Amino acid sequence: MFLRGSGFVFVGDKPRNPESVRLMNALKLLAAHYSNASLVLRIFIGLVLGILLAWIAPAAALKVGLLGELFILALKAVAPILVLVLVTASLAARQGSQPTHVRPVLLMYLISTFCAAALAVCASFLFPTTLALDVSKADGNPPGSIVEVLHNLLVSIFVGPVQALNTSNFIAILAWAVLLGVFLRHAAPSTRTLLTDISNALTKAVQFVINLAPIGIFGLVASTMADSGFEALASYARLLVVMVGCMLVMTLLINPLLVYLKLRRNPYPLLLTILRESAVTAFFTRSSAANIPVNLRLCEKLKLDRETYSITIPLGATINMAGAAVTISVMTLAATHTLGIPVDLPTALLLCVVSSLAAAGVSGVAGGSLLLIPMATSLFGIDAEIAMQVVSIGFVISVVQDSFETALNSHTDVVFTATVSYANQAQGAGHAAPAESAAAPADISAR
């Protein structure tokens, strides 16, 4: 019933003020526009709002940092169980005649990481940087040698499934998932269907969390800028330029070259799509582990082989660490330049190998590569106390360094997985497949 002239609208038995109706309609319209906008645009809006809040009201910006912390915790909470169920369901449903292409992806991971270490060594020789080794000591318990890193990686496999999930030990989670998936191939069809349904439900839960990214990034940016700003970075600008320059060269030149050598076509449409969808989120979360759900969702959008990416993406978050190799190499050589330690070519090549192996031992969380610097500096006989001072400098510049490092590490997981998937599609479907595959990134970027 509608009663005119009273200022109220009666719908059924409940009176509603026209102003409240208009407000509700406006909010619904705003929510509809927000949900229809692309995730990248929403993230950009959150970024701008976070910067503005940190500039206008730093105290309030520090408080909204809780939103960013909750977003990262949500991603980290859902990632371990998602990986376990996704890999298990994928292997359990796999037929013996269906190939996976994990090995070529792992090879590209290793090549990219070594190239990053070699590039960082060359850049450090071309643009030598010194440090002011008078900062406060950093806390941490870094590994003492390559053998210890490899030992820790091997030991981490033999962990119970509950402990692996609780500690986000993705090496152990993958081991259990592969073991369960192989043996569940002989399970009843209803059991395998149940696993697939659980995997799909978890994927939808991940999509819900990812849609909260603009809010989380708003909190992360606001609190980070209000807390650190960029004043602390000015004295280490040269060091940052060398590091970030190496990471950008890897992102825009060397990795695309590796993709071109594999696909024999323009790699940049695929690269730009992945940068928008994956690197942006990784840049602000500063955690390869937290970006696993984002990358898994992107692989699904790109229509890659699920049996391949369900393994290579979580594994890449552990061993594909080109950005970490850059950080370890540049910081180590900066320490040698500061102390006047000469570095010959054989030792520099050994440093490339050490940095590559050390990068594979990075934990996949924010700042994980910094605690491996003392292992590399030990090659040159640098005292552990001085090495930890180098680490503390790394934490000072980590607000920028770690963001670029994680963006490089994480988005290349998808780049190389997509490269191998498209290459195998082309081999299987003749020359028609490359044209269809090339269109896929463009379609995704338009969504």
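Structural remarks
- Mean Cβ neighbour count within 10 Å, used as a protection proxy, ranking 21-27, 47-53, 318-324, 107-113 highest first: 318-324, 107-113, 47-53, 21-27
- Peptides 179-187, 406-414 ordered by average Cβ neighbours within 10 Å, highest first: 406-414, 179-187
- Surrounding net charge for residue 174, when Lys and Arg each add one and Asp and Glu each subtract one, Cβ distance under 14 Å: -2
- Since only 292, 269, 348 are under comparison, the one whose Cα sits farthest along the positive direction of the charge dipole of the range 228-359, derived from C-beta charges on Lys, Arg, Asp and Glu, is 269.
- Fewest-first ranking of 422, 309, 260, using other Cβ atoms within 10 Å as the exposure measure: 260, 422, 309
Bear in mind these aren't lab numbers, they're just calculated from the coordinates by the rules spelled out. Since the model is a prediction, treat every value here as computed from it, not as a measurement. Positions of Cβ are generated from backbone atoms using ideal geometry, with glycine treated the same way; all protein chains shown enter the neighbour counts.
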